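Student: Have a look at this one before I ask anything.
Each value in this text was obtained by applying a stated rule to the coordinates, not by laboratory testing. Every value quoted in this text rests on a predicted model; they were computed, and no experiment measured them. Neighbour counts run over all protein chains shown; Cβ positions are idealised from the backbone, glycine included.
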Amino acid sequence: MLTTVSPYFLATSLLVIVSPGPDAVLAVHLVLRSGRRAPAFAGAAGMVTAGAGHALLALTGVSVVMRGNPAVWTAMRWTGAAVLLVWGVRALAAACRPAGGQDGPAGPDGPGGPGGRFSLRRSYGLGLLSTGSNPKVGVFLLAYLPQFAGRHDPAQRTVALLAAVYLALAAAWLTVLIVSTDLLRTRGARRQERDAGRRGRWRQAAEGVLGVLFLGFAVRLAWAG
């Protein structure tokens, strides 16, 4: 009988999940740039899907092989960092554009680009890319989850259960974050609907903060090793 889904596991998992990261920044970005929840939820679905893929790689030992191959590991880290770098530059570019140009949706290559649409498919792909391009997710799950497996529990099945619970908690947190962000955006829009210039400045500031966060995460992923 599995007894490993303990309050301690739930508490520590939540602490890890709510820590600021690229996925949370992307979810907020999708809400603010699209003005809707649906693209952000599609992005969150992509993040959870990629997380499940990382968990599968961890369970099958592929993450260990990747971590032990310096060339592969470095290539994956720099790929993930490049994705975040592009998103950060695009967000900062959006922040620097005149206030009247801030209502356009994200571009075809990622958040903040010109001329694209926030289709659910594209948003889902952005979520996949955000989580899937970070190889440290799989290594973290491989190191973290087995700690909560009981001595007499079937190891692989227990870790799979813990991974499912972890991903469910992540999905719940992303839901709370998306809904909260949208409520704040809606409230702010109502207060500022008579002042388009103020609304534009607020969006520029938000884009600037998100852009800096994306760049910071890119640097951390590239040079943390």
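Student: Report the local net charge at residue 40: Lys and Arg +1, Asp and Glu -1, summed over other residues whose C-beta lies under 13 Å from its C-beta.
Tutor: Neighbourhood net charge equals +3.
Student: If you don't mind, another one. What does the extension gain come out to for residue 60 and residue 143, with contour length at 0.36 nm per residue minus their alpha carbon separation?
Tutor: 28.6 nm
Student: May I pose another question? Given 0.36 nm per residue, what is the gain on full extension from residue 176 to residue 71 after removing their alpha carbon distance, in nm?
Tutor: Extra length from residue 176 to residue 71 when fully extended: 34.0 nm.
Student: Take each of the peptides 32-45, 175-188, average the number of other beta-carbon atoms within 10 Å over its residues, and list them starting from the highest.
Tutor: 32-45, 175-188
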